[in-house]
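The values are calculated or read from the model by the stated rules, or taken from the named source; none is laboratory data. Predicted model, so just to flag it, every value in this text is computed and none were measured. Because the Cβ atoms are built from the backbone with ideal geometry, glycine has one as well, and the counts that use them run over all protein chains shown. All accessible areas refer to the heavy atoms of the entire protein, side chains included, with ligands and DNA or RNA removed. Shrake-Rupley method; radii C 1.70, N 1.55, O 1.52, S 1.80 Å.
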Amino acid sequence: MSAVAQRFGSGQSVRRIEDPALVAGAGRFADDVSLPGQLHLCLLRSPYAHARIVSIDAAAARALPGVLAVYTGADLVEAGLKPLGSQPMFPGPGGAVAPKTPRHALAVDRVRFVGEALVAVVAETLDQARAARDAVTVEYDGLPSVTHLADATAAAAPKVWADAADNFAAEARHGDAAACDAAFAKAAHVVQLELVNHRLAPLPLEPRAVLGSFDGDRVTLRMSSQMPSGVRDTLCNEVFGWPTDKLRVVVGDVGGGFGNKTGAYPEDIVVAFVTHTLQRAVKWVAERGEEFLGAGHGRDISSRAELALDADGRVLALRVQSLANVGAYATTTGVIIQLLIGPWVATSIYDIQTIDFKLQAVLTNTTPTGAYRGAGRPEAIYIIERLMDAAARKLGLDPAEVRRRNMIRPEQMPYTNPMGQIYDSGQFESVQAQALALAEWDDFETRAAQSKKAGKHRGRGLASFLEWTGGNVFEERVTVNVSGDGFIEIFTATMAMGQGIATSYAQLAVDVFGVDIDKVRIVQGDTDRGSGFGSAGSRSIFVGGSAVKVASERTVQKAQSLAADALEAAAQDIEYREGEFRIVGTDRRIGLFELAAKQADHQVYMDSTSAVQAPSWPNACHICEVEVDPDTGAVQVVAYASVNDVGRAINPTIVVGQLDGGAVQGLGQALCEQMIHERESGQLQTGSLMDYALPRVDMVRGFKTVLDQSTPCLTNPLGVKGVGELGTIGATPAVVNAVIDALTRAGAGEGAATLQMPLLSERVWSALHGQPA
């Protein structure tokens, strides 16, 4: 390894190269960019959860100063725009044809959730657009609505869509029901839990914003997105019928994504349409309330889960029946997350081969669900980890021991789980043992006694688990441009969104090129520069980073051939080291940038596409300790220890940041975050930051995070495993298990076992004192 790589290459905790501009306020987020003469767009959203649109009167709005246009859903249909399609992958219940739930950019004929957009207003100023929006008169015919799963699946429930029988959008069955029944019949022990993974708002710090511009029959959208190419392709191929070169998507800095910005939204379509129609620049920026109502929600799945065990505590079978609330429109993303991606990890690190899963997607009059950090894996891991703790209590075993007895052993690798997914590597027992030592598991009773003296109930919980990463697209394109002016520019279609990916990519380039890191420029977010899947499913370093390494190596190989010509030597006699090509055994050399300057176009350019072999399977053991105040039910996380098998860490500081930040988001689900819809009206009751409780820094203390790099991933050239969602997945069950342990130790009994998230103080107090929550 070169001296430069030892300082700035992979494996080093290099300071993030993104940060100087961001902390100086020089970042360029979507709303930071404005164009001369740009118009402003506002959307009128439905106040009804379900209603027929009787009429829309926009005459008064059109007559107001500065108003250029008012559009309805019917106008967009007349202009030839097609709706976003519904999921095509799964049948309805019993193999029936799945209902169609086409989503128009502006609602046509009916609105199906509070916040659905139905009118777009365009004006010279934002205030004028808002005034005109408020001047539009809509006559609604209110219809019965359903927002809760129990109501949507009840007999004779109001239908969200006429052809959706009992409001079921899709169904998936996995496993062998007969074999599972046989295993349960012979089981020595059975544990059963009713579990709810409630609805959440992903809530990135930066709301969505879209700026459209028009140039020669071509539209450019500047926006905040994790997947620029995906947005372009959806709009062109599904909605407008345009060739993809007619639409350019540009993304600058992204203030958080968390899966919330992975696809095309109706607002993106409206901005593109208005820009193209008026041939003017048009800007839309979401208000925070609009984000709560209109941006995709996450989770929202209710499950009955059962585990069959033998007399020694070894699992014989797992049975799960789940209802997933996918909202008013059954999108491919919303459905596949719960019916397929979650099940891929449902047996986790445990040697369980007999399963029976019945999973159904249910339509309700709520905002459609989509990806949120973890996307199906947190829900699945929560189920199995809650079951493991329930089994430990029933059998009188240490929670760590019942897990250890069921873990897949290293000699079983590669291991195929019952969903057909192949784990390439993992030392699960070792990871858990390290975490137990880090958390001082065996000394817990001493700490519990100290908490008792202070008037608090202390509990401990753990989660040993894995997750799947890759987004199921394992190819990525990267271009490298070594320029004669002394810089290496690398373009990738993955997206930075706060995770430090540009720094990690630059470190990988330093590994190959051996130049100072300030000579490397990472460029992202421009579909004119290149296409690719983007950033989702913890794939950026795993897939994108591998592509950067391969592209850099191919660039050096190409440059080596050019250097051989320049030095009049055979290519095999040329070696490359620290930015220079040398003829072996001589002092004749030429610098990389000097070589680029000698080319006709003053550059050495490489367009490289490469793929990794399969997913990566990061895994971890997270252990949480809490104190519960018996007088108020308030929960305080007092210690949190985790050991995380991340394969090889490109930048350990960035990896730890991802893990800890993710853990806090998982803690938020466990303790405080919740989207609540009023049952009768469908109104969102937690539609602002005054009502939706995010985790706070004073809720956690005592984080200890360790990276286990002893087991590299075997499916990619870097040996890395995706880490962006690992912390979120482990934190939720670890925290909940700790609270239930505290309540059980305090004698709460059945009240603890039936407690559901979020563990609000009133719920915890009620469980502790034997009262209904």
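Here are a few things to note about the model shown:
- Neighbours by Cβ (under 8 Å, 6+ apart or cross-chain): first from segment 5-31, under 18 Å from R222 (Cβ atoms) and at pLDDT below 95; second among the hydroxyl-bearing types (S, T, Y) and not in a loop (DSSP other than H, G, I, E, B): none
- Within segment 257-266, the presence of a residue that is in a helix (DSSP H, G or I), more than 21 Å from the chain's Cα centre (by Cα) and over 30 Å from I408 (Cα atoms) is excluded.
- For segment 279-295, the count of residues that are closer than 22 Å to L22 by Cβ and among the polar types (S, T, N, Q) is zero.
- Residue within segment 280-290 that is among the charged types (D, E, K, R), in a helix (DSSP H, G or I) and at pLDDT 95 or above present: yes
- Residue in segment 641-659 that is farther than 30 Å from A493 by Cβ and surrounded by fewer than 21 Cβ atoms within 10 Å (Cβ to Cβ) present: no
- Answer from G396, G370 - the residue that is open to solvent by 10 Å² or more (accessible area, probe 1.4 Å) and under 30 Å from F113 (Cα atoms): G370
- Selected residue (criterion: modelled with the highest pLDDT) from residues of segment 584-608 that are among the hydroxyl-bearing types (S, T, Y) and open to solvent by 40 Å² or more (accessible area, probe 1.4 Å): Y605
- Residue match in segment 412-428 (condition: open to solvent by 70 Å² or more (accessible area, probe 1.4 Å) and among the charged types (D, E, K, R)): no
- Annotation: of all residues in segment 118-144 being in contact with a Gly (Cβ under 9 Å, 6 or more places away or on another chain), of a type outside the set (D, E, K, R) and open to solvent by 10 Å² or more (accessible area, probe 1.4 Å), the one that is farthest from Q279 (Cα to Cα) is A131.
- The combined condition, being more than 25 Å from the chain's Cα centre (by Cα) and within 30 Å of A165 (Cα to Cα), is not fulfilled by R62.
- Answer residue from segment 669-724, given it is without any contact (Cβ under 8 Å) to a residue 40 or more places away in the chain and not in a loop (DSSP other than H, G, I, E, B) and is most open to solvent (accessible area, probe 1.4 Å) among those: V697
- Residues located in segment 471-485, provided they are out of contact with any Asp or Glu (no Cβ under 6 Å at 6 or more places or on another chain) and open to solvent by 10 Å² or more (accessible area, probe 1.4 Å): G471, N472, V473, F474, E475, R477, S483, G484, D485
- Scanning segment 196-250 for residues that are more than 27 Å from G37 (Cβ to Cβ) and surrounded by fewer than 18 Cβ atoms within 10 Å (Cβ to Cβ) yields V196, L205, D233, N237, E238, G241, P243, T244.
- Residue tally, condition open to solvent by 30 Å² or more (accessible area, probe 1.4 Å) and either under 21 Å from A731 (Cβ atoms) or in contact with a His (Cβ under 6 Å, 6 or more places away or on another chain) (or both), over segment 746-773: 6
- Unmet requirement for Q499, which otherwise passes all of (1) open to solvent by less than 10 Å² (accessible area, probe 1.4 Å); (2) outside any strand (DSSP E or B): (1)
- In segment 591-609, the residues that are among the acidic types (D, E) form Cβ pairs under 6 Å with partners that are open to solvent by less than 40 Å² (accessible area, probe 1.4 Å), at six or more places apart or across chains, as follows: D607/T479.
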